[in-house]
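Q: Quick one: the structure is below, and I'll ask about it shortly.
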Amino acid sequence: MPFAPRVVSLAVLAVFALAAGGCDDGKKASGAPAMPPPEVSTVTVTPKSVAVTVDLPGRTVAYRVAEVRPQVGGIILKRLFKEGSEVKEGQQLYQIDPAPYQATLASAQADLAKARATLKSVEAKASRYAELVQINAVSRQDYDDAVASLDQARAQILASEASVRTAQINLAYTKVYAPISGRIGRSASTEGALVTAGQSTNLATITQLDPIYVDVSQSSSDLLRMRREASRGQQRPVEDAPVQLLLDGTTQVYDQAGRLQFSEVTVDQTTGAVQVRAVFPNSRHELYPGLFVRARVEQGVRDNALLVPQRALVRNADGSTVVWVVGAESKVAPRPVKVGPAVGDSWLIEDGLADGDVVVTEGLQKIRPGMPVRLAAAPGAAPAAPAAAH
């Protein structure tokens, strides 16, 4: 068996090689440095006073709208405005043919003059009969008839004066004036058109755009919560609350602040919301009625509020929310919290945190419960010391 010594030698060499490799691996394992704790960014929670705001959807509504209608019938002789222009209160808009009403006024004035002439004659007759009845020169019945005629003549004077005033009013109505100041729309009637008193079609519409209303809807549950917090002293109400306007489809903020005017006292049964109205200046006429907007309403001021950045909040699959807190020996642990409304780029924490808690804001994907971490230093600052236990 010539090959036996060589096989034995190869086996011995293989054993020594494996032993040497094992020794080398052991040396590498024992000499390798340990992985450092992951670095995370944190924020220390401190109480502060913050304004609590809410964004509500709504639409712009004209401050005042006047539908111009004729109060007498007739033919329109003139249109005295330019469609789409600004008109002032009391400015004449239309001229209706005044001729029939001038004739009616003249007739009423003639009847009044006739009644006054009749009154003079009846007064003289009644005065004479008053003397003659004392000496029985006329009968008592004739005297009573003269007195009755005098009263009728005086009543006729009053009726004629009322007719004159009515004719004057109707004549004045042939001039159609603007009831409010604002921007007038298109004219529904032109020169030569016949209009009637009380017609359903308006001649034109005037819209006052400055100021302008914004009607928004607020959830009745949010309104009740806000009032409960105010009653418990958790939130101070704001008098004459300022309102910001976010324009339709953009995050652009309207550069003029508005004021909350009033809220309805009833809840919409279909939506469960309460209508709230704010008023905004609109001197440049940038806002038009019917725009969809979002109003940012300041609901109150929360004292001793605890805020954490929105990126620090973790939402679980079941809807619960937690933040990661750095505790003793710089070890992290998740802590359930109750979240309130958003304040800027932060969340208001209703429950779960206390003053001085250190919350992880960046590096959440690198940590696990109980893992020690290293706090990242702020830009331009020295490295942070390990967090104290809370």
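Q: Confirm whether Val279 is of a type in the set (Val, Ile, Thr), outside any loop (DSSP other than H, G, I, E, B) and modelled with pLDDT under 90.
A: Criteria not met by Val279.
Q: Give me the pairs: first residue in region 244-261 and assigned by TED's automatic domain parsing to the domain that holds Val216, second residue at pLDDT 80 or above and not in a strand (DSSP E or B), beta-carbon distance under 6 Å, and six or more apart or on different chains, which are they?
A: Here the result reads Leu245/Tyr254; Asp248/Leu291; Gln256/Pro281, each pair linking region 244-261 to a residue that is at pLDDT 80 or above and not in a strand (DSSP E or B).
Q: Quick one: in region 44-96, which of the residues that are under 30 Å from Val326 (Cβ atoms) and not polar (S, T, N, Q) is surrounded by the fewest Cβ atoms within 10 Å (Cβ to Cβ)?
A: Only one residue tops the list, namely Lys48.
Residues are listed down the side, and each one gets a yes or a no for (1) among the small types (Gly, Ala, Ser); (2) touching a strand residue (DSSP E or B) at 6+ places or on another chain (Cβ under 9 Å); (3) without any contact (Cβ under 8 Å) to a residue 24 or more places away in the chain:
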| site | (1), (2), (3) |
| --- | --- |
| Ile135 | no, no, yes |
| Val138 | no, no, yes |
| Arg154 | no, no, no |
| Arg165 | no, no, yes |
| Ala172 | yes, no, yes |
| Gly185 | yes, yes, no |
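Q: Can you tell me which residues in region 352-370 are part of a loop (DSSP other than H, G, I, E, B) and farther than 16 Å from Val339 by Cβ?
A: Looking only at region 352-370, we keep the residues that are part of a loop (DSSP other than H, G, I, E, B), and these are 352-357, 363, 367-370.
Answer for region 352-370, where residues must be part of a loop (DSSP other than H, G, I, E, B) and farther than 16 Å from Val339 by Cβ: Asp355, Gly356, Gly363, Ile367, Arg368, Pro369, Gly370.
Q: Applying the selection to region 330-351, what residues are of a type in the set (Gly, Ala, Ser) and either part of a strand (DSSP E or B) or under 34 Å from the mean Cα position of the chain (by Cα) (or both)? Full working, then the answer.
A: Within region 330-351, the subset of a type in the set (Gly, Ala, Ser) is 330, 333, 340, 342, 344, 346.
Those that are of a type in the set (Gly, Ala, Ser) and either part of a strand (DSSP E or B) or under 34 Å from the mean Cα position of the chain (by Cα) (or both): Ala333, Gly340, Ala342, Gly344, Ser346.
Q: Among (1) in contact (Cβ under 8 Å) with a residue 60 or more places away in the chain; (2) within 29 Å of Ser107 (Cα to Cα); (3) loosely packed, with under 12 Cβ neighbours inside 10 Å, where does Leu158 come up short?
A: Evaluating Leu158 over (1) in contact (Cβ under 8 Å) with a residue 60 or more places away in the chain; (2) within 29 Å of Ser107 (Cα to Cα); (3) loosely packed, with under 12 Cβ neighbours inside 10 Å leaves (1) as the failure.
The values are calculated or read from the model by the stated rules, or taken from the named source; none is laboratory data. Bear in mind that the values here come from a model prediction, so they are computed numbers and not experimental data. When we count neighbours, we look across all protein chains shown, and the Cβ atoms used for this are built from the backbone with ideal geometry, even at glycine.
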